[in-house]
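This report refers to the structure that appears directly beneath it.
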Amino acid sequence: MDREELGAWLRLTLSQGVGNSTARSLLARFGLPQTIFQQTDTDLRQHVSAAQARALCTVPDTWAALVELTWRWLHEADPQGPARAVVTLGDSRYPQALLETEDPPLLLYLTGPARLLAQSPFPAGRCLAVVGSRNPTAQGADNARLFSRALHGAGLTIVSGLALGVDAAAHEGALDVASKGAPAAATIAVVGTGLDRVYPRRNLDLAHRIAANGLLVSEYPLGTPPLPGNFPKRNRIISGVSQGTLVVEAALASGSLITARMAVEQGREVFAIPGSIYAPQSRGCHALIRQGAKLVESAQDVLEELRFPASVVAPATTTASGQATDADIAGNDGVGGAAMITTAPETPLLQALGFDPISVDALVARTGMAAAPVQVGLLELELDGRVARLPGGLFQRLAAA
């Protein structure tokens, strides 16, 4: 794309009152953005409103600066680092799955390995969105990472939103088993800012790792700050490029449920992991299951529903403490059967914990033990990786502990 063409696309995205739908109609009529801007006000009014025609005939104040910034961003990237690209609706690298949705963006800004950006960077039929709470339980974060690790090990690219909590854990799980130089992205992060910014800043290192082994994606121009309205809007891209959406944990008022709703509207599969009836982070998943989302207990459940070959999922293993690993989450023993999970013997305290968050006082009442031995036992289990300490003085049993 030369500078003139880039400038025309950017001007189209900046034209006041001209949304994606109107812009696509004009592109269908005139072919290229440059041709649109060659039309007179009178010509344009035959296809758009008077206000939209005036906007298209007026050069936006910020246009020249944005063209310069974007051109430099594209051509001054570190040759030893990730590559950069701006992909338009007419580009062969634009994800076909997203193109077929109701509201595809006109432009996608991409950062990732040059080998991925040189071809089709979005693996067709091999993307799965994994989303959930920004404040997950210890079990929820663990599930997000282990499911994503197993699912990427089976050949799926994990798509999420680079937010704290489940999103970050999902990206990290895929990166855990990423192969350097692989032909497909390990994970794709769809962000709500310009790609010259990282939000939240706590995920800066994660964003760099994604850019080295996957893709950072945005529809927003460079310099766009983290505006609240951008994040729900970007969710349609997360679900739109994916074959299905897995919700790990979500409260009833959650952006993850927006992603799930968009997935349904786009004709995609929706999966949800059930959780404790006492945890607010599980209520959104339970609501989705009541509405018809597929209840999943292992990565194998997702792969079977998507009719995706699962023979490459890693064989079952467990940690020394008996905590489930990605193979246990995969539900695969390497030959298509159920995983054989060997767990460490359960102590009375571990049995009393159950799987819901619980306080020391409640454990004392449940076990009949004194507070001191309960606290010592909890510390030992925590050091063993079998119990997590939660905010508010609560404890929760982990995975298959």
Practice task
Could you list all residues from region 179-197 that are modelled with pLDDT of 95 or more and more than 18 Å from V86 (Cα to Cα)?
Solution key: A186, T187
Handout entry: Scope region 115-131; condition assigned to a loop (DSSP other than H, G, I, E, B) and touching a helix residue (DSSP H, G or I) at 6+ places or on another chain (Cβ under 9 Å); matching residues
Key = S120, F122, A124, G125
Problem - Condition met for R3 (buried (at least 17 other Cβ atoms within 10 Å of the Cβ) and closer than 20 Å to G223 by Cβ) - result: no
Exercise for the section: Check T111, T157 and return the single one that is touching a Cys at 6+ places or on another chain (Cβ under 6 Å), within 25 Å of P183 (Cβ to Cβ), among the hydroxyl-bearing types (S, T, Y) and touching a residue at least 24 places away in the same chain (Cβ under 8 Å). Expected result: T157
Handout entry: Number of positions in region 174-190 that are touching a strand residue (DSSP E or B) at 6+ places or on another chain (Cβ under 6 Å), in a loop (DSSP other than H, G, I, E, B) and farther than 13 Å from G112 by Cβ
Key = 0
Fill in the blank from the handout: Scanning region 44-66 for residues that are surrounded by fewer than 16 Cβ atoms within 10 Å (Cβ to Cβ) and assigned to a helix (DSSP H, G or I), the one nearest to the chain's Cα centre (by Cα) turns out to be A65
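Matching residues to (1) assigned by TED's automatic domain parsing to the domain that holds D167; (2) crowded, with 20+ Cβ neighbours inside 10 Å; (3) over 15 Å from L128 (Cα atoms):
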site	(1), (2), (3)
S254	yes, yes, yes
A260	yes, yes, no
A263	yes, yes, no
F271	yes, yes, no
Y278	yes, no, yes
G284	yes, yes, yes
L288	yes, yes, yes
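Could you say whether any residue in region 222-242 is at negative phi, modelled with pLDDT under 90 and not assigned by TED's automatic domain parsing to the domain that holds L383? Walk me through it before giving the result.
The initial filter retains those residues of region 222-242 that are at negative phi, namely 222, 224-242.
From the residues that got through so far, the ones that are modelled with pLDDT under 90 too are none.
Within region 222-242, not a single residue is at negative phi, modelled with pLDDT under 90 and not assigned by TED's automatic domain parsing to the domain that holds L383.
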Fill in the blank from the handout: Screening A124, A118 for residues that are at pLDDT below 95 and over 22 Å from Q266 (Cβ atoms) leaves only A118
Practice task
Kindly indicate whether V313 is outside any helix (DSSP H, G or I), at pLDDT below 90 and within 22 Å of the chain's Cα centre (by Cα).
Solution key: yes
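Yes/no matrix, rows are residues, columns are (1) assigned by TED's automatic domain parsing to the domain that holds G244; (2) of a type in the set (A, V, I, L, M); (3) in contact with a Cys (Cβ under 8 Å, 6 or more places away or on another chain); (4) in contact (Cβ under 8 Å) with a residue 24 or more places away in the chain:
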position: G161; (1), (2), (3), (4): yes, no, no, yes
position: L164; (1), (2), (3), (4): yes, yes, no, yes
position: D167; (1), (2), (3), (4): yes, no, no, yes
position: I188; (1), (2), (3), (4): yes, yes, yes, yes
Practice task
Can you give me the number of residues within region 236-251 that are in contact with a strand residue (DSSP E or B) (Cβ under 8 Å, 6 or more places away or on another chain) and either surrounded by fewer than 19 Cβ atoms within 10 Å (Cβ to Cβ) or within 16 Å of L288 (Cβ to Cβ) (or both)?
Solution key: 9
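Determine if region 10-22 includes at least one residue that is closer than 24 Å to S218 by Cβ and without any contact (Cβ under 8 Å) to a residue 24 or more places away in the chain.
First, the residues of region 10-22 that are closer than 24 Å to S218 by Cβ: 10-22.
Now drop any that are not without any contact (Cβ under 8 Å) to a residue 24 or more places away in the chain, which leaves 19.
Taking every residue of region 10-22 in turn, at least one turns out to be closer than 24 Å to S218 by Cβ and without any contact (Cβ under 8 Å) to a residue 24 or more places away in the chain.
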Handout entry: Sole residue being over 20 Å from F30 (Cβ atoms), under 24 Å from the mean Cα position of the chain (by Cα) and either part of a helix (DSSP H, G or I) or assigned by TED's automatic domain parsing to the domain that holds L12 (or both), chosen from L69, L98
Key = L98
Practice task
Answer yes or no: is there a residue in region 25-43 that is aromatic (F, W, Y) and either free of Cβ contacts under 8 Å to residues at least 12 places away in the same chain or assigned to a strand (DSSP E or B) (or both).
Solution key: yes
Handout entry: From the options L222, L216, residue that is among the aliphatic types (A, V, I, L, M), touching an Asp or Glu at 6+ places or on another chain (Cβ under 9 Å) and touching a residue at least 24 places away in the same chain (Cβ under 8 Å)
Key = L222
Practice task
Test L89 against the stated conditions and say whether it is within 16 Å of L27 (Cβ to Cβ), surrounded by 20 or more Cβ atoms within 10 Å (Cβ to Cβ), over 21 Å from the mean Cα position of the chain (by Cα) and of a type in the set (A, V, I, L, M, F, W, C).
Solution key: no
Handout entry: The one condition in (1) aliphatic (A, V, I, L, M); (2) within 13 Å of the chain's Cα centre (by Cα); (3) assigned to a helix (DSSP H, G or I) that L246 fails to fulfil
Key = (3)
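The values are calculated or read from the model by the stated rules, or taken from the named source; none is laboratory data. These numbers come from a predicted model, not from an experiment. Cβ: placed from backbone, ideal geometry, glycine included. Neighbour counts: every protein chain shown.
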